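The values are calculated or read from the model by the stated rules, or taken from the named source; none is laboratory data. Since this is a predicted model, take the numbers as computed values, not measurements. Virtual Cβ from ideal backbone geometry, glycine too; neighbours counted across all protein chains shown. Side chains are part of the model used for accessible areas, which takes the heavy atoms of the whole protein and leaves out ligands, DNA and RNA. Shrake-Rupley method; radii C 1.70, N 1.55, O 1.52, S 1.80 Å.
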Amino acid sequence: MHLFVPREIHPGETRAPIVPATAARLAKLGIKVEVESGIGDSICQSDDRYREAGASVRADRETALSEADIVLRLRKPSIAEAALLKSGCIHISYLDPFNDLDLVQALAAAGTSAFSMQMIPRSTIAQKMDALSSQANLAGYISVIIAAERLGKILPMMTTPAGTIRPAKVFVIGVGVAGLQAIATAKRLGAQIEAFDTRPVVEEQVRSLGARFVKADLGETGQTAQGYAKELTAEQLAKQREVMAEHCVPSDVVITAAQVFGRKAPRILTTEMVKSMAPGSVVVDLSVESGGNVECSVADEEVEVQGVKVVGISNLPRRVARTASEMYSSNLGNFIDHFWDKKAGVFGLNLENDLIKGCLLTHGGAIVHPQFKQ
């Protein structure tokens with residue numbers, strides 16, 4: 001089979017969908033691997049490195065897209081590029097079916113079997129393919145580094161001839177993958193940490209990382225079968241904000257990472273709550289791309305509200321593009337390898353497989369995922 005990986009052209013994107021190590025791994029399966037020229041420039045991987053790994057390098061993007069049996073990419077394609085794909089092509093990338101159904105319909109019209117990396121079920125067998133988790137880990141790490149750079153004070157306790165410096169206080173709201181990594185990173189840097197989540201089940205994980213779990217009586221809460229927090233009612237959000245306000249005031253750093261899968265991020269911190277924090281404090285909104293947890297955060301900007309720095313940088317994993325590319329590339333390689341029929345030398349597209357059911361959006365000229373086919 002002929003596999004093509006185009007270069008990422010989204011403005012500001014520095015990650016690459018595939019690294020030479022994964023290209024070599026796929027070539028060993030008997031796949032004809034092609035990549036677009038310049039695919040690894042942003043992560044210090046030359047075209048020659050891909051050639052050495054067994055891949056061919058092409059400059060004609062449109063022709064390669066129209067000829068490929070399998071297309072791997074990171075960002076979603078444009079509708080124009082979706083139309084280039086040949087019928088029966090397997091297309092694997094991030095897609096945004098909740099907000100870009102036109103693209104899903106275009107992929108169906110092209111006759112592709114389009115897989116969304118965001119929709120991969122969170123199960124034990126799928127962990128090695130879970131791109132959302134791998135990239136969220138990096139976002140959590142980077143959020144702490146960004147906060148530490150802007151805080152103007154050190155995070156750890158330090159005893160010096162001038163006296164003892166108290167550790168900085170970090171408050172993490174939303175303890176998913178990104179939140180847990182933020183806690184772990186802040187702990188390694190010596191901060192004093194509190195964390196909150198609507199799911200009481202994560203308390204043990206928070207405590208195991210050395211943080212204090214903040215409790216709030218919100219009534220009936222919980223998580224979905226995929227492990228995501230359930231959406232709160234307006235009354236529950238109001239109660240949550242009361243608790244958050246109390247713990248934001250003494251915090252030097254607040255990191256918000258609360259998301260509801262497939263929906264707009266819940267608004268947790270109001271501008272008044274941010275104003276109640278001490279000047280020089282830092283707020284990092286990890287959910288700014290999906291609407292934001294902080295009322296005064298602005299996507300891709302850093303604003304100051306009465307001396308409090310509010311950081312709304314999107315796509316944080318691109319700040320560590322080399323590691324992010326290696327992780328995403330590994331997720332893609334694991335996905336292909338898991339379903340590869342080594343005897344027949346083809347991708348085994350078993351429509352009854354639960355994992356495939358969870359992330360296959362289009363097939364045979366139609367939208368097939370139960371959440372979107374209506």
I need the Debye-formula profile for segment 68-158: one equal scatterer per C-alpha, no solvent, reported as log10 I(q)/I(0) at q = 0.11, 0.14, 0.20 1/Å, two decimals.
-0.46, -0.63, -0.94
Step through the table entries LYS76/LYS169; LYS28/LYS264; LYS128/LYS275; LYS76/LYS239; LYS76/LYS128; LYS264/LYS357, compare each Cα-Cα distance with 31 Å, and write down the pairs that go over it.
LYS76/LYS169; LYS28/LYS264; LYS128/LYS275; LYS76/LYS239
Nearest 20 debye, what's the magnitude of the dipole of segment 16-58 about its Cα centre given +1 on Lys and Arg Cβ and -1 on Asp and Glu Cβ?
240
How large is the Rg to Rh ratio of segment 43-94 when both quantities use alpha carbon positions and Rh follows Kirkwood?
1.00
Could you list which residues have their amide H under 5 Å from that of ILE255, counting only those 5 or more apart in sequence or on another chain, with H placed in the peptide plane?
PHE171, VAL172, ILE173, VAL284
Trypsin sites (Lys or Arg not before Pro) within segment 123-175, DSSP loop, no more than 15 other Cβ atoms inside 10 Å:
LYS153
Excluding GLU204 itself, calculate the net charge of residues whose Cβ lies under 14 Å from the Cβ of GLU204, where each Lys or Arg counts +1 and each Asp or Glu counts -1.
+2
I need to check one value: relative contact order of segment 1-83, counting alpha carbon pairs closer than 8 Å and at least 6 residues apart, in percent.
41
How are the alpha carbon pair distances in segment 6-52 distributed across 10 Å bins from zero to the largest one, expressed in percent?
28, 55, 16, 1
With +1 on the Cβ of every Lys and Arg and -1 on the Cβ of every Asp and Glu, the dipole magnitude of the chain about its Cα centre, in debye rounded to the nearest 20, is 800
Segment 101-113 - phi-based ³J(HN,Hα) in whole Hz, Karplus 6.51/-1.76/1.60, Gly and Pro as x:
5, 4, 5, 4, 5, 5, 5, 5, 4, 6, x, 8, 9
Projected area averaged over orientations for the chain, convex hull of C-alpha atoms, nm²
20.1
TYR141, TYR94, ranked by accessible area, largest first (probe 1.4 Å):
TYR141, TYR94
Which order do the peptides 309-319, 174-184, 262-272 come out in when sorted by mean C-beta neighbours inside 10 angstrom, highest first?
174-184, 309-319, 262-272
How large is the convex hull of the C-alpha atoms of segment 289-329 per residue, in Å³?
75
Once Rh for segment 1-98 is found with the Kirkwood sum over Cα pairs, what is the Stokes-Einstein diffusion coefficient at 4 °C and 1.567 mPa s, in µm²/s?
96
With all pairs of different alpha carbon atoms counted, what Kirkwood hydrodynamic radius in Å does segment 94-247 show?
18.1
Extended-chain gain in nm, criterion 0.36 nm per residue less alpha-carbon gap, ASP341 and GLN127
75.0 nm
Let me know the charge dipole size of segment 234-374 about its Cα centre in debye, to the nearest 20, where only the beta-carbon of Lys, Arg (+1) and Asp, Glu (-1) is charged.
440
For segment 236-344, report the convex hull volume of the alpha-carbon atoms normalised per residue, in Å³, without decimals.
129
Leading residue at positive end of dipole, segment 226-345 (Cβ point charges), from LEU316, HIS338, VAL260
HIS338
